[in-house]
Protein chains: 2
Amino acid sequence: MANSASGESIIRRFIRIISAFDDKHTSMSVAELSRRTGLPVTTTYRLVDELLLERLLERDSNGNIELGTRMWELASRGSKTQGLREAALPFMEDVQSVVQHSTTLGVLDSDEVLYIERLGSTSTIMDITKVAGRLPVHATSSGMVLLANSPSAYQDMILSRPLTKYTETTLTDPAALRRHLAEVRQRGFAAMPGVIVPESSGIAVPVYGPDNTVVAALSVVVPRDEENAAARVPLLMAAARGISRALGWRAKLKGTLRQSH
Amino acid sequence: MANSASGESIIRRFIRIISAFDDKHTSMSVAELSRRTGLPVTTTYRLVDELLLERLLERDSNGNIELGTRMWELASRGSKTQGLREAALPFMEDVQSVVQHSTTLGVLDSDEVLYIERLGSTSTIMDITKVAGRLPVHATSSGMVLLANSPSAYQDMILSRPLTKYTETTLTDPAALRRHLAEVRQRGFAAMPGVIVPESSGIAVPVYGPDNTVVAALSVVVPRDEENAAARVPLLMAAARGISRALGWRAKLKGTLRQSH
DNA sequence: CCCGGATTCCCACTCAATGGTAATCCTGCT
DNA sequence: AGCAGGATTACCATTGAGTGGGAATCCGGG
């Protein structure tokens, strides 16, 4: 053996380690960490020791390992996500104060929607989004909005892979999805009843960045039986516009309202 | 030369790299990164390449390097900070809706206050707190609350180092600070007029965790000239109690109300 | 006292990581 | 077009940081 029998770099192993933590596993023993990551026991101990030293990991009161506050700090303070989040939060509060269910802000990351902020009670069965949580593009209103405003190569990539059918109403047929995307692009919002959880509906609108591309989706989740959920669209649009403006976007002067590519 | 002439581990260098990014420097060229981190050019390129591959770093539209969304995601989803933040947010919104200036949630990290959430407009000169930003313990109301509820060894450590005097009213004398801490402990809140910025006042109260220790400080910043800022204390206390309860804290049954160290 | 798992200690091996030097690619300026 | 200055990529000889199996030790519960 030598530097990593498996040929893995330290960075990759570091990622394995921090990836072992999620909202369901916020702390664990080193041995368990070794098991979860699949790294050799000794190696795990050595690496963890160093990460503890650097405060990227910490020990809790039981001696278990958890992600260090410093880790969060370093990752947060310089990230573009932070700017987006801060710009959006006030407007999200406004929306939340009216809609009362849950309001989320999502971005596209690799092939999924990553939620970077969320307001509303956490306990609802109705809404499974979490901050720093992911959901598939094709089964969320946020995903549809983001996909509808993505380059066609990206759309093709997403639509060409197997799409999970979560409920009766989940669209999984590429052609049907494309039609739906066209609609979303034209109307400027996505409304999807019960695509991932039968009893709820998602409504999402795009948020624009300075270069007039769509950078995020603002969305609310409401009970499916709620009448005219679409009545929420103007509210959402106004909020999204506010966020966009805070991000440096300027309304188009004149001409068509269709966004570039 | 061999594995790091400077004897530095990859982890430490990785930290140097992500530390080079902050809210003022969200993206930069690799060469600049090399300069900022002090790492050899070649080494920086090699390391950055790998981090790009792992998506801990990303290239923006100009080809500059920025922190990757994945970095934020991994650091956020498993962190205890996240749980605290989520528990606190609804209550912070309530406070913010009444106080209107700015509401923050801070924790103690090494020898400073680290702010993990913040509501209110960002542009105020009055309030310099930022999410994932730090301020010194002795010059903030949050810091005083947290310090007042810390082990005395920690208090000694903080009070024994040189304390910056930001304004006329900043306390820098250890003895005076100790008296103030005793007051804070007894009253259950800290109110500090213009300790870091002359024209504003901070008011902070403790947030308790399940084991009845203080885990965070909830605070508002208001203009200093505002009459009876202390009138805000009950509001803050009620909110802090709500957060504490959401974290699993149960009110003491009976007996003294003094909290254990 | 015993048992099983977690943790720490030990150590010989070796290739991943290193960082100079030099070539190449840009980009703006003349 | 040609030039200047910086950013980026390519090359490569060198070596100690990283590795991981194994054994000893610690610890908590029954």
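The values are calculated or read from the model by the stated rules, or taken from the named source; none is laboratory data. Just so it is clear, the model here is predicted, and its values are computed rather than measured. Positions of Cβ are generated from backbone atoms using ideal geometry, with glycine treated the same way; all protein chains shown enter the neighbour counts.
Of all residues in the stretch B:97-112, those satisfying the criterion of being in contact with a helix residue (DSSP H, G or I) (Cβ under 9 Å, 6 or more places away or on another chain) and farther than 14 Å from B:Ala238 by Cβ are B:Ser102, B:Thr104, B:Leu105, B:Gly106, B:Val107, B:Leu108, B:Asp109, B:Ser110, B:Asp111, B:Glu112. Count of the stretch A:70-82 residues, restricted to those that are in contact with a Ser or Thr (Cβ under 7 Å, 6 or more places away or on another chain) and surrounded by fewer than 23 Cβ atoms within 10 Å (Cβ to Cβ), is 2.
Among residues of the stretch A:92-115 that are farther than 21 Å from B:Asp94 by Cβ, those with a Cβ under 7 angstrom from a residue that is among the aromatic types (Phe, Trp, Tyr), sequence gap 6+ or separate chain, pair up as A:Gly106/A:Tyr115. Taken over the stretch A:110-128, residues that are at pLDDT 90 or above and surrounded by 20 or more Cβ atoms within 10 Å (Cβ to Cβ) amount to 7. Against the definition (more than 10 Å from DNA strand C (Cβ to nearest atom), more than 7 Å from chain B (Cβ to nearest Cβ) and within 23 Å of the chain's Cα centre (by Cα)), how does A:Ala20 come out, yes or no? So A:Ala20 fits the description; yes. Considering only the stretch B:25-44, I want to know if a residue exists there that is among the aliphatic types (A, V, I, L, M), away from DNA strand C (no atom under 11 Å from the Cβ), farther than 20 Å from A:Glu73 by Cα and touching a strand residue (DSSP E or B) at 6+ places or on another chain (Cβ under 8 Å). So far as the stretch B:25-44 goes, yes, one or more of its residues are among the aliphatic types (A, V, I, L, M), away from DNA strand C (no atom under 11 Å from the Cβ), farther than 20 Å from A:Glu73 by Cα and touching a strand residue (DSSP E or B) at 6+ places or on another chain (Cβ under 8 Å). Scanning the stretch B:127-180 for residues that are assigned to a loop (DSSP other than H, G, I, E, B), within 14 Å of chain A (Cβ to nearest Cβ) and farther than 26 Å from A:Leu89 by Cα yields a single hit, B:Pro151. Of all residues assigned to the stretch A:64-81, at least one qualifies as being more than 9 Å from chain B (Cβ to nearest Cβ) and more than 30 Å from A:Tyr208 (Cα to Cα).
Among the residues of the stretch A:76-97, is any closer than 20 Å to A:Arg224 by Cβ and aliphatic (A, V, I, L, M)? Yes; the residues of the stretch A:76-97 include at least one that is closer than 20 Å to A:Arg224 by Cβ and aliphatic (A, V, I, L, M). Summed over the stretch A:181-207, the residues that are closer than 12 Å to A:His138 by Cα and assigned to a strand (DSSP E or B) give a count of 2. Output the residues belonging to the stretch B:38-72 that are closer than 23 Å to B:Val131 by Cα and among the hydroxyl-bearing types (Ser, Thr, Tyr). Hit for the stretch B:38-72 is B:Thr69, nothing else.
On the basis of being free of Cβ contacts under 8 Å to residues at least 40 places away in the same chain, within 17 Å of the chain's Cα centre (by Cα) and either crowded, with 20+ Cβ neighbours inside 10 Å or not assigned by TED's automatic domain parsing to the domain that holds B:Leu218 (or both), does B:Val137 make the cut?
yes
Here B:Glu50, B:Glu58 are screened, and the one residue that is near DNA strand C (Cβ under 9 Å from one of its atoms) and closer than 28 Å to A:Arg85 by Cβ is B:Glu50.
Counting only helices (runs of 4 or more DSSP H) that fall entirely inside the stretch A:1-83 and contain at least 1 residues that are within 9 Å of DNA strand D (Cβ to nearest atom), over 30 Å from A:Leu105 (Cα atoms) and free of Cβ contacts under 8 Å to residues at least 40 places away in the same chain, the qualifying elements are A:10-19, A:41-53.
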